[in-house]
Amino acid sequence: MGRVTFDLDDLRSYVTGIELGSFARAAERLGRSTSAVSAHLKKLEQQIGAPILRKSGRGMVMTEAGETLLGYARRLLELNDEAAAAVRGLDLQGTVRLGLQEDFGETFLPQVLGSFARAHPKVRIEARIARNAELIDWVLKGQLDLSLAWDGGISTPFQQDLGQRKMHWIASPNFDLSQWQGGDEPLPLVMFDAPCLMRSAATNALDRAGIAWRIAFTSRSLNGVWAAVSAGLGVTVRTDAGLPSGLLRLAPGALPALSHIGVVLHRAEENPSAAIGRLAQIVAERIDG
């Protein structure tokens with residue numbers, strides 16, 4: 001069997017379509033026609049010798065071969081993009097002061113900053129983890145160049161909206177919700193200290209549904225919230241960002257429905273340095289993806 005060399009454009013069409021949930025949207029994102037994207041997928045299947053997608057209802061889902069290819073395709077594209085950025089950004093230098101919500105700090109931060117640091121070794125990065133109000137205040141005061149924060153309705157002059165994240169009720173697998181459903185005892189909540197956007201979302205949803213609640217545990221750190229939820233002290237509300245593997249999202253209908261929360265990248269300047277602009281672009285692409 002001859003050696004197979006995948007075309008990165010084919011792989012990018014495939015990965016983008018899977019991540020967006022639509023190959024028509026992938027074509028639009030990549031600036032290609034839908035027929036060109038279809039040709040990319042067909043070529044991949046011919047090279048592999050097996051289908052990577054199959055029909056499921058009105059849509060398409062990945063086959064086992066498609067799932068395997070997706071993981072390798074992401075790695076190949078990431079390495080390609082990192083190499084391109086490194087070659088183009090050899091002269092990029094300076095300091096970037098980045099602020100992040102704690103939800104993004106554990107997984108997002110090392111992935112993005114690790115890739116950025118390898119591609120731009122002359123750039124110094126100063127990262128700070130903080131709450132929403134602090135992140136926005138520091139950007140407005142010029143103490144941070146970039147801040148990745150939840151959308152709490154407070155805008156800054158040079159912000160960029162990065163889409164929405166679904167909020168979920170989260171609990172330990174050992175937490176028995178049934179004892180508070182329809183009972184007289186208030187539902188125990190594990191939350192950040194007030195003010196907190198997700199704390200307000202939780203209590204407002206419960207109040208609208210007429211469900212009694214009590215704050216069982218508060219923390220100034222997300223690690224403290226996760227530890228208390230893991231210990232079964234109550235339920236909390238967060239997004240999927242940084243969700244520990246040992247905790248579960250409660251099934252829809254178990255508690256009142258929650259809405260989405262926006263993610264915003266705040267910039268201190270309209271025309272930042274090349275280093276700040278490049279990191280802002282990478283952050284936006286990663287969150288959007």
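The values are calculated or read from the model by the stated rules, or taken from the named source; none is laboratory data. No experiment lies behind these values; they were computed from the predicted model shown. When we count neighbours, we look across all protein chains shown, and the Cβ atoms used for this are built from the backbone with ideal geometry, even at glycine. All accessible areas refer to the heavy atoms of the entire protein, side chains included, with ligands and DNA or RNA removed. Shrake-Rupley method; radii C 1.70, N 1.55, O 1.52, S 1.80 Å.
At a 1.4 Å probe radius, carbon and sulfur cover how many percent of the accessible area of the chain? Could you put the intermediate results ahead of the total?
On the way: 7550 of 15520 Å².
The nonpolar share, carbon plus sulfur, comes to 49 percent.
What number, in percent, do you get for the relative contact order of segment 27-173 if the mean sequence gap of Cα pairs under 8 Å and at least 6 apart is divided by its residue count?
Over segment 27-173, the number comes to 18 percent.
Normalising by the residue count of the chain, find the relative contact order in percent from Cα pairs under 8 Å and 6+ residues apart.
Computed over the chain, the figure is 20 percent.
Just to confirm my numbers, what's the Cα centroid distance between segment 158-202 and segment 237-266 in Å?
That distance is 8 Å.
Calculated FRET efficiency, Gln164 and Asn204, Cβ-Cβ r, R0 22 Å, to nearest 0.05?
It comes out at approximately 0.80.
Show which lysines lie in cross-link reach of Lys141 when reach means a straight Cα distance below 28 angstrom and same-chain residues fewer than eight apart are skipped.
Excluding near neighbours in sequence, the set is Lys122.
Rounded to a whole number, what is D in µm²/s for the chain from Stokes-Einstein with the Kirkwood radius over alpha-carbon pairs (20 °C, 1.002 mPa s)?
99
Length gain on complete extension for the stretch Asn223 to Arg249, per 0.36 nm per residue less the alpha carbon to alpha carbon distance?
My answer for the length gained is 7.7 nm.
Please compute the volume of the convex hull spanned by the alpha-carbon atoms of segment 8-88 and report it per residue in Å³.
Cα-based convex hull of segment 8-88, divided per residue, equals 90 Å³.
With equal scatterers on the alpha carbons only and no solvent term, can you work out the Debye log10 of I(q)/I(0) for segment 170-259 at 0.12, 0.14, 0.20, 0.21 1/Å?
Values returned for q = 0.12, 0.14, 0.20, 0.21 Å⁻¹ are -0.31, -0.43, -0.94, -1.06.
Going highest first, how would you order 97-105, 187-195, 74-82 by mean Cβ packing within 10 Å?
Per-residue Cβ counts within 10 Å, averaged per peptide and sorted highest first, yield 97-105, 187-195, 74-82.
Mean Kyte-Doolittle hydropathy of -0.5 or higher plus an axial Cα length of 24 Å or more: which whole DSSP H helices in the chain meet both?
TM-like helix candidates: 64-88.
Between Ala231 and Ser259, take the C-beta separation as r, use R0 = 30 Å, and let me know the FRET efficiency to the nearest 0.05.
Here the calculated transfer efficiency is 0.60.
Do any trypsin sites (Lys or Arg not before Pro) in segment 1-33 lie in a DSSP loop with no more than 14 other beta carbon atoms within 10 Å, and if so, which?
Listed in order of number, the matching sites are Arg3.
So what's the back-of-envelope 222 nm ellipticity for the chain, counting only DSSP H runs of four-plus at -39500 (n - 2.57) apiece and dividing by all residues, rounded to 500?
Rounded to the nearest 500, it is -13500 deg cm²/dmol.
So, for the chain, what is the accessible surface per residue at a probe of 1.4 Å, expressed in square angstrom?
54
Straight-line reach from Lys55: which lysines fall under 16 Å, measuring Cα to Cα and dropping same-chain residues less than 8 apart?
Cα-Cα hits under 16 Å: Lys42.
Given points 7 Å out from each Cα along the Cα-Cβ axis, report the Ser22 to Arg214 separation in nanometres with one decimal.
For the pair Ser22/Arg214, the computed spacing is 4.8 nm.
Of the DSSP beta bridges with both residues in the chain, give the percent that are antiparallel, rounding to the nearest 5.
55
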